[in-house]
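Heads up: the structure comes next, in structure tokens.
Every read-out reported here was derived from the displayed coordinates using simple, explicitly stated rules and does not represent laboratory data. None of these values were measured; they are calculated from a predicted model. Quick reminder, even Gly has a Cβ in these numbers, built from the backbone with ideal geometry, and neighbours come from all protein chains shown.
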Amino acid sequence: MKTSKKAQVEISFNWVFVLIAGAAILFIFLRIIGTETEFAQTATQRRAIHDMTSLLTVLQQNPDSISNEKRINYLLEFNCNTEGHSYGIQGATNPARLPHQIIFSPKTVGEARIVTWVKTLRTPYPVSSILYLTDHETMYIFLKDAGQTAENYYDLFPEEIPKTLTTANNLNDYEDEGHRNIIIIKNTDANINYNLIKNNLDTRKITHVVSINNNNEVKFINIQNTNEEKNFGSLTEELVIGAIITGNPNLFNCTLNKALDQTRIITDLMLERTKLLNTAYGSNPCNTYYSSINQKTFQDLSNAARNKQPIYGHVQDIKNLNDRILRTNCVPIY
Amino acid sequence: METITVVIIVMILIVIGIVYATNQKKASLTEERERTKDIEAMTTATNVLSMDFLKCTRGSATRETCIDYYKIKALNNNVFKEENYLHFYRLFGESKIEIKIIKNITGKENENITIYSLEDTENKTSIIIKTPITIEDAVWNINYFGIMEVTAYR
């Protein structure tokens with residue numbers, strides 16, 4: 001009887017031991033899996049940031065270039081919030097900041113071949129490089145109009161970017177080829193039936209219609225609530241392309257503000273240069289081109305950029321003045 | 001008793017394995033971080049060299065490796081203005097950008113223009129990148145030979 005009781009205690013002890021040891025081993029393996037997942041996410045995030053940094057550095061040296069980059073297997077998400085413009089892999093807790101880089105992209109890019117297009121932001125002198133970043137999962141649908149506004153931008157878009165030119169009536173027959181994002185571009189005067197778009201296209205893929213008029217004024221119209229519009233006054237061509245590429249008013253506004261801020265800085269620099277030219281020329285007749293009246297054209301552009309007002313007219317004024325100087329032997333203002 | 005010993009030994013081996021794997025991961029991450037810092041320093045240098053607004057222009061045409069003398073002077077006057085400072089700090093970080101203009105072979109009239117300087121040398125190594133450039137004084141129609149020296153701290 002005594003032996004049987006001892007054996008019973010031993011059996012219970014073995015079970016308790018097995019339970020404790022099993023729980024410990026299970027805990028250790030769960031920790032390993034957790035740590036590995038965290039490492040994998042951090043590594044992917046670091047790789048994404050590294051890839052993007054390398055890309056930006058290379059592209060800065062290749063202005064006005066277009067390239068079909070390799071496929072990336074992760075999805076990058078671009079955001080604009082109170083902390084500024086940032087990007088990272090979806091769900092990452094530590095997104096990379098884009099404090100001064102002028103990058104126009106849709107909200108999500110990736111899990112596809114990406115396309116990069118570099119242009120120089122000119123106002124009319126070079127301000128900075130602009131990177132348009134999109135992918136083969138984003139389709140740009142341009143709607144024909146009498147004024148050919150959207151058509152002109154269709155022609156400007158490189159072949160590497162998925163695009164199509166159609167009419168507002170034929171939009172109803174558009175067959176979704178399974179793209180992740182769809183961005184529709186139209187002339188402000190062109191009428192389209194938003195209810196048909198909502199019925200025919202997946203509204204998760206399309207959030208806004210980008211509307212452009214002949215003065216390069218851009219309007220983002222919310223598909224779900226067409227009364228909700230976001231307007232941007234007269235912009236330069238490069239910035240209108242940026243609006244089309246993003247298809248998102250919030251992201252566009254974020255990058256536009258950086259572009260305008262840099263325009264203001266470079267314009268102030270050009271103003272300072274004009275003052276230096278004024279001093280260097282002394283009493284030479286060329287001096288009239290750098291007088292305080294002409295310095296005001298720079299001041300006007302600087303003020304417009306500072307106050308986030310339309311800049312296109314001021315850019316044209318500076319260009320016209322420079323064209324006049326180019327017909328003389330005097331040093332151009334840019 | 002034997003069972004307990006075997007289980008304890010197995011657990012010790014697992015713990016040793018985990019500690020080793022973690023250390024290896026940490027080491028590779030530290031190495032990667034160092035590499036990233038090197039890239040950041042190189043990026044600063046590239047940012048300077050690709051500043052389109054400093055280049056010599058005639059209308060829309062830009063001359064590569066040529067820098068406008070009056071633009072450098074203007075940048076020098078504007079870079080540390082309060083409203084511009086943050087922009088240039090983001091662009092150049094902790095670095096020093098100096099342009100040496102060789103006007104005379106004797107060196108007497110040579111001009112050094114420091115267009116940006118934010119030095120924090122404490123416990124930091126630096127990468128110096130020197131690039132030959134042409135500096136154009138369009139008013140007097142003279143092209144000078146110059147060296148752009150970018151010292152990036154990391």
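May I ask you to work out the translational diffusion coefficient for the stretch B:1-128 at 25 °C, viscosity 0.890 mPa s, via Stokes-Einstein with Rh from the Kirkwood sum over Cα pairs, reported in whole µm²/s? Provide the component values of the computation, followed by the final result.
On the way: Rh = 19.4 Å.
It comes out at roughly 127 µm²/s.
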Quiz item: Counting only pairs 8 or more places apart or on different chains, how many lysine pairs in the stretch B:39-153 have C-alpha atoms closer than 13 Å?
Solution: 6
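Would you please classify the overall shape of the stretch B:61-123 from the alpha carbon gyration tensor, given that a ≥ b ≥ c denote the square roots of the eigenvalues, rounded means a/c under 1.5, and beyond that prolate means a/b larger than b/c while oblate covers the rest?
Working: a/c = 2.12, a/b = 1.40, b/c = 1.51.
The shape class here is oblate.
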Exercise. Could you calculate the contour length gain from A:Gln41 to A:Asn287, that is, 0.36 nm times the residue separation minus the distance between their Cα atoms, to one decimal place in nm?
Key: 82.5 nm
Quiz item: Roughly what angle does helix A:237-246 make with the longest principal axis of chain A, taking Cα atoms, 0 to 90 degrees, to the nearest 10?
Solution: 20 degrees
Self-check item: Partners for A:Lys308 among lysines (Cα-Cα distance below 17 Å; same-chain residues under 8 apart left out)
Solution: A:Lys219, A:Lys230, A:Lys258
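Between B:Lys103 and A:Glu83, how high is the FRET efficiency from 1/(1 + (r/R0)^6) when r is the Cβ-Cβ distance and R₀ = 60 Å? Nearest 0.05.
Details: r = 47 Å, r/R0 = 0.79.
Step by step, r from the Cβ atoms, then E = 0.80.
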Quiz item: Angle, helix A:292-306 long axis vs. longest principal axis of chain A, Cα atoms, 0 to 90°, nearest 10?
Solution: 20 degrees
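Evaluate E = 1/(1 + (r/R0)^6) for A:Arg113 and B:Thr36, where r is the Cβ-Cβ distance and R0 equals 22 Å; express this FRET efficiency to the nearest 0.05.
Working: r = 26 Å, r/R0 = 1.16.
E between A:Arg113 and B:Thr36, to the nearest 0.05, is 0.30.
Please identify every one of the GluC sites (Glu not before Pro) in the stretch A:82-137 that sits in a loop by DSSP and has no more than 16 other beta carbons within 10 Å of its own beta carbon. It would help to have the intermediate numbers written out before the result.
On the way: sites: A:Glu83, A:Glu111, A:Glu137; in loops: A:Glu83, A:Glu137.
Passing both the DSSP loop test and the Cβ count: A:Glu83.
At most 11 other Cβ atoms within 10 Å and a DSSP loop assignment: could you name the GluC sites (Glu not before Pro) in the stretch B:55-121 that fit? Working shown, then result.
Values: sites: B:Glu64, B:Glu82, B:Glu83, B:Glu94, B:Glu98, B:Glu109, B:Glu111, B:Glu119; in loops: B:Glu94, B:Glu109, B:Glu119.
Taking the stretch B:55-121 and a limit of 11 other Cβ atoms within 10 Å, the loop GluC sites (Glu not before Pro) found are B:Glu109.
Tell me, what is the percent relative contact order of chain A, built from C-alpha pairs under 8 Å that lie six or more residues apart? Working shown, then result.
On the way: 516 pairs, mean separation 42.0, N = 334.
Contact order relative to length: 13 percent.
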Quiz item: When a footprinting reagent is the concern and you count Cβ atoms within 10 Å, what order do A:Phe13, A:Phe232, A:Phe252 take, fewest first?
Solution: A:Phe13, A:Phe232, A:Phe252
Quiz item: Where in the stretch A:111-133 is the amide nitrogen less than 20 Å from a point lying 7 Å along the Cα-to-Cβ axis of A:Tyr174?
Solution: A:115, A:133
Practice problem: Report, to the nearest 10°, how far helix A:2-60 tilts away from the longest principal axis of the Cα atoms in chain A, using its own Cα long axis and a range of 0 to 90°. | Solution: 10 degrees
Self-check item: Label-point gap, in nm, between A:Asn213 and A:Glu237 - each point 7 angstrom along Cα→Cβ
Solution: 2.2 nm
Quiz item: Hey, fewest Cβ within 10 Å first, where do A:Lys70, B:Lys124, B:Lys103 land in order?
Solution: A:Lys70, B:Lys124, B:Lys103
Quiz item: In nm, to one decimal, how far is the A:Thr166 label point from the B:Thr65 one, both placed 7 Å along Cα→Cβ?
Solution: 5.1 nm
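With +1 on each Lys and Arg Cβ and -1 on each Asp and Glu Cβ, how big is the dipole of chain B about its Cα centre, in debye rounded to the nearest 20?
Magnitude of the dipole: close to 260 debye.
Per DSSP H run of n ≥ 4, the term is -39500 (n - 2.57); total these for the protein assembly as shown, divide by its residue number, and report the mean residue ellipticity at 222 nm rounded to 500 deg cm²/dmol.
Numbers: 10 runs with 216 residues, N = 488.
The per-residue figure over the protein assembly as shown is -15500 deg cm²/dmol.
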Quiz item: Roughly what would the spin-label model give for A:Phe27 and A:Asn68, points 7 Å off Cα along C-beta, in nm?
Solution: 5.5 nm
Practice problem: With 10 Å bins from zero, work out the P(r) of the stretch A:141-218 over every alpha carbon pair and list the percent per bin. | Solution: 18, 55, 27, 1
Quiz item: Got a sec? How would A:Asp268, A:Asp64 order by Cβ neighbour count within 10 Å, fewest to most?
Solution: A:Asp64, A:Asp268
Exercise. Please label the shape of the protein assembly as shown as rounded, prolate or oblate, based on the square roots a ≥ b ≥ c of the eigenvalues of the alpha-carbon gyration tensor (a/c under 1.5 means rounded; beyond that, a/b larger than b/c means prolate, else oblate).
Key: oblate
